[in-house]
Amino acid sequence: MKNSRKEKIKDFFRPHRLGFHILLAIGITLVIAITTLFLLDIYTDHGKEIEMPNFIGKDANQLVSDSLSDDFIIEVTESIFDKKMPPGSVLKQDPHPHEMVKKGRKVYLTIASDLPPKIKMPQLVDVSLRQAEIMLKAKGLELGSVIYKASPYENVVLEQLYKGRSISSDTEISMGESITLVVGRDIESMMLDSLTQIEMEP
């Protein structure tokens, strides 16, 4: 039995056997080292910060296939009507452009809606023209034509019109629509404007 063990030990340390085992040990060591470096690289890269791209103005639907969005999770959280921007385009983003963030970060987008929201028409009658402009802007409405009418109430709104017809307050209307205002003006000022216009005509 002892002789058998001695023979095995001698066989292990024979030149051709010894070389094989040394090469095997070196190979295993290299595999472990390469695997460790690879896993370390993945771990280090996972926590690496990158610069947030600027998505403002881009089509949100195309961002999914855009190479710039490969490192992020795109999520649309809100839509706002903006007639100056194409529907579906990005208006705001969080995190903001050029911030340093980690890969895999969620990016929350606010996009332009294709349909304007409904709002209630404000009460503009009996307020000044200047105040009426401010109120229209606050509601997201546009000031269209201003029609002056003889009245003792100078620069005061006498009537509010939508598409040529009177519109009462609290009536639902689409944001971005144009409102015409009939505004009071004293007779003397109107006559003076008329005379000035006549004199300017050829």
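Structure values in brief
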| quantity | calculated |
| --- | --- |
| Potential extension, residue 78-residue 51 segment - 0.36 nm per residue separation minus Cα distance | 7.4 nm |
| The stretch 50-113, Cα convex hull volume normalised per residue, Å³ | 64 Å³ |
| Pair residue 174, residue 100: separation of 7 Å Cα→Cβ label points (nm) | 4.7 nm |
| Environment charge at residue 171 (Cβ cut-off 13 Å; Lys +1, Arg +1, Asp -1, Glu -1) | +2 |
| Net lengthening on full extension, residue 59/residue 125 (0.36 nm per residue, minus Cα-Cα) | 19.6 nm |
| Greater than 27 Å apart at Cα, pairs in 84/120; 83/163; 58/103; 58/163; 83/120 | 58/163 |
| Within the stretch 50-113: Cβ-based charge dipole about Cα centre, in debye rounded to nearest 20 (Lys, Arg +1; Asp, Glu -1) | 100 debye |
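Bear in mind these aren't lab numbers, they're just calculated from the coordinates by the rules spelled out. All figures in this text were calculated on a predicted structure; none of them were measured in a lab. Neighbour counts are summed over all protein chains in view; Cβ atoms, including those assigned to glycine, are modelled from backbone coordinates with ideal geometry.
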